[in-house]
Amino acid sequence: MIQARTQLTVRYAETDMMGVVYHANYLPWFEVARTHLLKEHGMPYRQLEADGYRLPVLEVNARYLRPAVYDDLITLVVSLREKPLLRIRLDYEVLRGEELLVTGYTLHAFVDLQGRPVRPPAQFVEWSNRIFGPGK
């Protein structure tokens with residue numbers, strides 16, 4: 001398993017009239033966490049795109065436990081728990097201090113520039129093998 005953490009402060013534009021983060025704003029935060037994890041662990045998404053690959057979201061889930069509000073300092077925790085093969089699942093936690101606010105996951109697949117499903121590129125497979133071991 002690999003994990004990454006990043007922090008952000010809730011902006012006023014991300015809240016509704018009650019001062020609570022609008023539910024859809026968690027999805028861009030998941031993306032911030034996901035791209036941070038890939039970059040921090042040596043597989044920047046920018047490089048995957050430059051090599052002609054995309055990782056579209058196939059499925060997304062979010063479970064809202066407690067609201068985040070304007071000016072909260074939140075921590076995004078993203079985990080890659082299993083070796084990705086053709087699909088990649090990432091799990092997320094959104095915390096305010098130690099308080100768990102939201103959990104979720106995204107499921108992705110590799111596609112080429114025309115949107116056709118493809119196998120992961122060799123450099124991604126090597127990267128994955130270094131983290132999780134070969135042949136799993």
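The values are calculated or read from the model by the stated rules, or taken from the named source; none is laboratory data. Model, not experiment: these values are computed from the prediction. All Cβ positions, glycine included, derive from the backbone under ideal geometry; neighbour counts span all protein chains shown. Surface accessibility is based on the protein's heavy atoms, side chains included, excluding ligands, DNA and RNA. Shrake-Rupley method; radii C 1.70, N 1.55, O 1.52, S 1.80 Å.
Details
- Of the trypsin sites (Lys or Arg not before Pro) found in region 36-114, those that fall in a DSSP loop while having at most 16 other beta-carbon atoms within 10 Å are 81.
- When the solvent-accessible area of region 19-136 is split by element, carbon and sulfur atoms take up 51 percent of it, the probe being 1.4 Å.
- Backbone HN-Hα couplings from phi across region 15-26 [Karplus 6.51/-1.76/1.60, Hz, Gly and Pro as x]: 10, 9, 5, 8, x, 9, 4, 5, 3, 5, 6, 5
- Three-way shape label, region 76-133, alpha-carbon gyration tensor, a/c 1.5: oblate
- Viscosity 1.306 mPa s, temperature 10 °C, Stokes-Einstein D of region 1-44 from Kirkwood C-alpha radius, µm²/s: 135
- Net lengthening on full extension, residue 123/residue 54 (0.36 nm per residue, minus Cα-Cα): 23.4 nm
- Per-residue ³J(HN,Hα) for region 63-71, Karplus 6.51 cos²θ - 1.76 cosθ + 1.60, θ = phi - 60°, Hz, x for Gly and Pro: 10, 8, 9, 9, x, 8, 10, 3, 6
- Amide H contacts for residue 69 (H built 1.01 Å from N in the peptide plane; partners 5 or more residues away or on another chain; cut-off under 5 Å): 21.
- Semi-axis lengths (Å, descending) of the ellipsoid that matches the C-alpha gyration tensor of the chain: 29, 16, 12
- Region 69-105: GluC sites (Glu not before Pro) falling in loop per DSSP and having at most 11 other Cβ within 10 Å: 98
- What separates the Cα centres of region 74-125 and region 1-27 is a distance of 18 Å.
- Applying a DSSP loop filter and a limit of 16 other Cβ atoms within 10 Å to the chymotrypsin sites (Phe, Trp or Tyr not before Pro) in region 59-136 leaves 70.
- At a probe radius of 1.4 angstrom, the accessible area of the chain per residue rounds to 59 square angstrom.
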